[in-house]
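One structure below.
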Amino acid sequence: VAFSPGPRLFEQICLAFMVIDCAPGATAQVAQSLTTHPHMITIERAAADHDTLSIAATRDLPALSRYTLDLLPCVPGITAVQARVVTHMFTEGGRWRIAALAPDQRARLTGRPPAQTPVAPGEITPLDRALVTRLAHNGRAPYQALAHDLGVSLSTAKRRLEQLTRRGLLRFRCDFARPLGGWPVSVTLWARVPPADLPEIGHALIQLPETRNCAALTGPHNLVLQASLHSVSDVLRLETHLATAHPSLDIVDRVITLRQDKLLGHLLDPQGRSVGVIPPDLWAEPAV
């Protein structure tokens, strides 16, 4: 259990899908190096003409520019970097559900969503950053432990965490080792959609039970869909369904993940189990 970005957080930060090419034989070394970067929140090694597909997040576009143009090309083994900037996040992995609970069970665990209040840019404080760091390690940490670690009162820790969740900046997610839990296949579909159809199709795709991430992007493909599946054969089934349901959606590339090295700051072993944490710090100055 760890924190997950809330819907309002995407209005404050800059997010990009990073397509990275590596020198021959250097992909594992590059992936290992990138796992230490607090701005690289997710890293996958892909069965494609590029070597890694990552998701990077920074506090703003200038910080993403410095990270992409000045720092990443200096990492040994990287030969090319493309940043496909997210212009709208339709959904992210924290909302993915595997239908393990019946509707009545789910209702008992889910309270009424808190009212979200407008949030001014720059409202994330140093205390918030420290709080997120500790929640990245343990999303079940009690208020008393958080207060002790941060050197604040119990009421301060509780109040700040409740404010972050109420304002839609932070929520929590429960992850599991997908290859061991019956979801061993992850696929990324890059697509082109007429701009006028993008909102409607994007919101339709997030209703699919397989959808984990879905976003509008800059670059040659203006939509990305990442799905978790039970088998490789499900990729064709999913693509066929999309082509039938959305004729204006043109899937131009489909990429299966061979290994995921990092997921929202958690370092993963080949079976998808968490073996360590590099807490995301989106608000820090990028550095390697």
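The values are calculated or read from the model by the stated rules, or taken from the named source; none is laboratory data. Every value quoted in this text rests on a predicted model; they were computed, and no experiment measured them. Here the Cβ is made from the backbone with ideal geometry for all residues, glycine too, and neighbour counts use every protein chain on show. For the accessible areas, the whole protein counts, side chains as well, though only heavy atoms, and no ligand, DNA or RNA atoms are used. Shrake-Rupley method; radii C 1.70, N 1.55, O 1.52, S 1.80 Å.
Observations on the model:
- The portion of the accessible surface of the chain made up by carbon and sulfur, rounded to a whole percent, is 57 (1.4 Å probe; DNA, RNA and ligands excluded).
- Among A204, G272, H230 - extreme Cα towards positive end, dipole of the stretch 136-283, charges at beta-carbon: G272
- Inter-centroid distance (Cα atoms) of the stretch 249-277 relative to the stretch 1-70, Å: 12
- Fully extending the segment from H241 to L208, taken as 0.36 nm per residue of separation minus the present Cα-Cα distance, adds 10.8 nm.
- Computed from label points 7 Å out along Cα-Cβ, the spacing between D104 and D149 is 3.8 nm.
- Taking Cβ atoms as reference points and 13 Å as the exclusive limit, the residues near L15 contribute a net charge of -1, counting Lys and Arg as +1 and Asp and Glu as -1.
- For the chain, the solvent-accessible area of protein heavy atoms averages 48 Å² per residue (probe radius 1.4 Å; ligands and nucleic acids excluded).
- In terms of its C-alpha gyration tensor, the stretch 61-210 comes out oblate, because a/c is 1.5 or above while a/b does not outweigh b/c.
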